[in-house]
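Chemist: Next up is a structure, given as structure tokens.
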Amino acid sequence: MKQQDFDVVIVGGGIVGLSLANELADSDFSVALIERSEAKAISDDVDCRVSAINRFSLERFRQFGIMRSALAERACAFEKMFVWDQTGVGQIEFDSAELGLPMLGVIIENAVLQQMLLDTATAADNITYLCPEEITEISYPGEVSQINDLPQDEKQQVSTVTLSSGKQLNAKLLVGADGANSKVREIALIQRVQKSYQQHALVCNVRTSESHQNTAWQCFMPSGPLAFLPLFNGFSSIVWSLDENAANERMALDDAAFKIALAEASEFKLGEILQVGRRFLFPLSHSHVTDYVKPGLALIGDAAHSIHPLAGQGANLGIADAAALAEVISKARKAKRQWAAVHTLMKYQRQRKGANRLMEMSMTGFKELFGHDNALLSELRNAGLSLVDHLPALKYRIIRQALG
């Protein structure tokens, strides 16, 4: 078998894995990125799988140069967020103008963002992109490195990834960016605590009679939150969290009946639903691993954690993981320290685990708080929303946290 030696091998070429590759592009790290599936072809049809990208993530992307891509025109800037409780009159609005910002973030199709990140990563001389490739075996921990250009005292444990093509990749640092069903996490014997919300997210694109006004709209209902996310073509991408039975019932409706049900659920905030695309269901759960790192190994993104989509923070947490991990190993290497050692990687874990756990608990708390139709709880929710809307300091502390 043909063997290749790399400093970093990233398993998973989605948004998070590609973000890490871009963070390490044009550095003195040799990087291999392994992805099972070829990128989805970009067409005029707008994908319903989208991400809300906050300002921290956008700043990272600007540094990579991806926002110079012609595909960036498919990113829809949103300037406001409007949130209300269906059971009362409580509401809150966040406006970028009041923060002195041009926008709060952008909504972009996952496939488009992935292609933009891929284009910039693969342009770097130190990035080797292997796709489509199936992993047949991962050996962790590996044996002592046989990388010949290292002094004897710097030789170290390595992982070996064997691919269906027959290639073997040796990695000083193996990174799992391979999602919720991570193979890297599995071979490292890292435990994960996962809990189902007993809900599904119903996702599709819709055209409404009223403009989305470059605003992200979110309605909290006892059955779950409903979000309308603005798209560049005037449509909106909806994410409707529903109990499993209710989700299946909505999926079974014909388009005419579904349009009526959706308009009523949103209290006609965007008017009538004029057009609806293909609908998809995704199960909702939240999870967190016990450890983000082991010697020569790290987990980022959904391989390490997942949250409820109600605030659209899932992708941003993974992008922040990638930025933090890249910074930690880059600083250690420049200081000539053992950058793949567990004591170095623990700095990444300390930076990210607490922040990610807090976001996970917050999203679960919001889901529980708004997921009941108890009259007293409804009054408290509505009073709380209205109170925060009239306390600018608290209101904009919340939104600045969401902006990263």
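The values are calculated or read from the model by the stated rules, or taken from the named source; none is laboratory data. Predicted model, so just to flag it, every value in this text is computed and none were measured. So basically every Cβ, Gly included, is an ideal-geometry build from the backbone, and we count neighbours across all protein chains shown.
Chemist: Can you pull out every residue in the stretch 222-272 that is aliphatic (A, V, I, L, M), in a loop (DSSP other than H, G, I, E, B) and within 23 Å of the chain's Cα centre (by Cα)?
Modeler: Residue satisfying the conditions is 231 alone.
Chemist: What are the residues in the stretch 62-99 that are crowded, with 18+ Cβ neighbours inside 10 Å, closer than 22 Å to residue 226 by Cα and either touching a Cys at 6+ places or on another chain (Cβ under 6 Å) or of a type outside the set (Gly, Ala, Ser) (or both), if any?
Modeler: The answer is 76, 78, 79, 80, 81, 83, 84, 85, 86, 87, 92, 94.
Chemist: For the condition in contact with a Pro (Cβ under 6 Å, 6 or more places away or on another chain), surrounded by fewer than 24 Cβ atoms within 10 Å (Cβ to Cβ) and either in contact (Cβ under 8 Å) with a residue 40 or more places away in the chain or under 24 Å from residue 13 (Cα atoms) (or both), what is the one hit in 289, 276, 342?
Modeler: 342
Chemist: Is it fair to say residue 13 is surrounded by 16 or more Cβ atoms within 10 Å (Cβ to Cβ) and outside any helix (DSSP H, G or I)?
Modeler: Taking the combined requirement at face value, the residue satisfies it.
Chemist: What number goes with the only condition from (1) out of contact with any Cys (no Cβ under 9 Å at 6 or more places or on another chain); (2) farther than 22 Å from residue 49 by Cβ that residue 219 does not pass?
Modeler: (2)
Chemist: Considering the stretch 327-358 alone, what residues qualify as being within 21 Å of residue 22 (Cα to Cα), under 21 Å from the mean Cα position of the chain (by Cα) and of a type in the set (D, E, K, R)?
Modeler: Within the stretch 327-358, 327, 352 qualify.
Chemist: Mind counting the residues in the stretch 88-118 that are farther than 16 Å from residue 216 by Cβ and in a helix (DSSP H, G or I)?
Modeler: Adding up the residues that qualify gives 9.
Chemist: Going through the stretch 90-127 one residue at a time, which ones are farther than 26 Å from residue 52 by Cβ and either more than 23 Å from the chain's Cα centre (by Cα) or assigned by TED's automatic domain parsing to the domain that holds residue 204 (or both)?
Modeler: Matches in the stretch 90-127: 123, 124, 125, 126.
Chemist: Still on this structure, please answer the following. Quickly run through the stretch 340-351 and pick out the residues that are more than 16 Å from residue 323 (Cβ to Cβ) and not β-branched (Val, Ile, Thr).
Modeler: Listed by number, the residues that qualify are 340, 341, 343, 346.
Chemist: Mind counting the residues in the stretch 47-61 that are assigned to a loop (DSSP other than H, G, I, E, B) and crowded, with 20+ Cβ neighbours inside 10 Å?
Modeler: Residues meeting the conditions: 1.
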